[in-house]
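All remarks here apply to the structure that follows.
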Amino acid sequence: MKAIIYALLSAFVWGTAPLIFKLGLKGNVPSIVGIFFHNLTAALVALLSILIVKESINYPYKDLALISFGGFVSGFLGLWLYYQAIKYGQVSVVAPIVASSPLWSSLLAFAFLGESLSLQKLIGTLLVVAGVILLTTSQAGR
């Protein structure tokens, strides 16, 4: 239950972020500059949090390297692509397309993490993707 609550809160927070990004990117701020300040702020708040709770950063190199690579993939590359899409497109179209990420997560988790792919998970993932398609095509036709 705890995971579900965190996931719903995360979805809400991430649901508000595109609006904030769009407002910030309306001017002449290049996406790459936006990403720099986005990640700088995140890093400073994370560092402050680590210092406040006195969390250790002494963990296996392999684990930290994988997390760092994930940070590059999502925190830089994915975010840069997302900012480009938000800057030039409508949030109401871009956000649902980006929300198709559960499809990729599910397929990759099945292929590389050995997670089970039950009929229920497959149907749920396909419903999410169908919703993305419906939202995107309804917005694109306007």
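Quick note: the coordinates plus some simple rules give every number you see, no bench work behind them. For clarity, every value in this text was computed on a predicted model and none was experimentally measured. Every residue, glycine among them, receives a Cβ derived from its backbone with ideal geometry; neighbour counts consider all protein chains shown.
Taking the Cα centre of the chain as the origin, how large is its charge dipole in debye, to the nearest 20, when only Lys and Arg (+1) and Asp and Glu (-1) carry charge on their Cβ atoms? The partial results should precede the final answer.
Values: 8 positive and 3 negative charges, 63 e Å.
With Lys and Arg at +1 and Asp and Glu at -1, about 300 debye.
As a check on your grasp of the helix formula, calculate [θ] at 222 nm for the chain: sum -39500 (n - 2.57) over DSSP H runs of n ≥ 4, divide by the residue count, round to the nearest 500. Display every interim value, and only then the final one.
On the way: 7 runs with 109 residues, N = 142.
Taken over the chain, the calculation gives -25500 deg cm²/dmol.
Using Stokes-Einstein with the Kirkwood hydrodynamic radius over Cα pairs, what translational diffusion coefficient do you get for the chain at 25 °C and a viscosity of 0.890 mPa s, in µm²/s rounded to a whole number? All intermediate terms of the calculation are to be shown ahead of the outcome.
Numbers: Rh = 17.6 Å.
Calculated translational D: 140 µm²/s.
Could you order the peptides 93-104, 19-30 from most to least packed, using the average number of other C-beta atoms within 10 Å per residue? Kindly include the intermediate steps, with their values, before the conclusion.
Values: 93-104: 16.8, 19-30: 12.7.
So the order, starting with the most tightly packed, is 93-104, 19-30.
Rg over Rh of the stretch 8-61, using C-alpha atoms and the Kirkwood radius, what does it come to? Write out the running numbers ahead of the final one.
On the way: Rg = 14.9 Å, Rh = 13.5 Å.
Taking Rg over the Kirkwood Rh, I get 1.10.
Rg and Dmax of the stretch 90-142 over Cα atoms: what are they, in angstrom?
Both quantities, over Cα of the stretch 90-142: 12.8, 42 Å.
If the chain between LYS62 and LEU48 were fully stretched, how many nm would it gain, using 0.36 nm times the residue separation less the Cα-Cα distance? Before the final figure, lay out each step's value.
Values: separation 14, 0.36 × 14 = 5.04 nm, distance 2.40 nm.
Stretched out fully, the LYS62 to LEU48 stretch lengthens by 2.6 nm.
With 10 angstrom as the radius, rank LEU77, LEU113 by how many other C-beta atoms surround their C-beta, starting from the fewest.
Values: LEU77 12, LEU113 8.
Arranged by neighbour count, lowest to highest, LEU77, LEU113 become LEU113, LEU77.
What is the Cα centroid distance between the stretch 19-44 and the stretch 103-136, reported in whole angstrom?
Centre-to-centre distance over Cα atoms comes out at 30 Å.
Suppose R0 equals 30 Å. What FRET efficiency, 1/(1 + (r/R0)^6) with r the Cβ-Cβ distance, do LEU108 and VAL13 give to the nearest 0.05?
Working: r = 23 Å, r/R0 = 0.77.
Efficiency computed from Cβ-Cβ geometry: 0.80.
Residue farthest toward the positive end of the dipole of the chain, with Cβ of Lys/Arg at +1 and Asp/Glu at -1: which of TRP104, ALA43, LEU79?
LEU79
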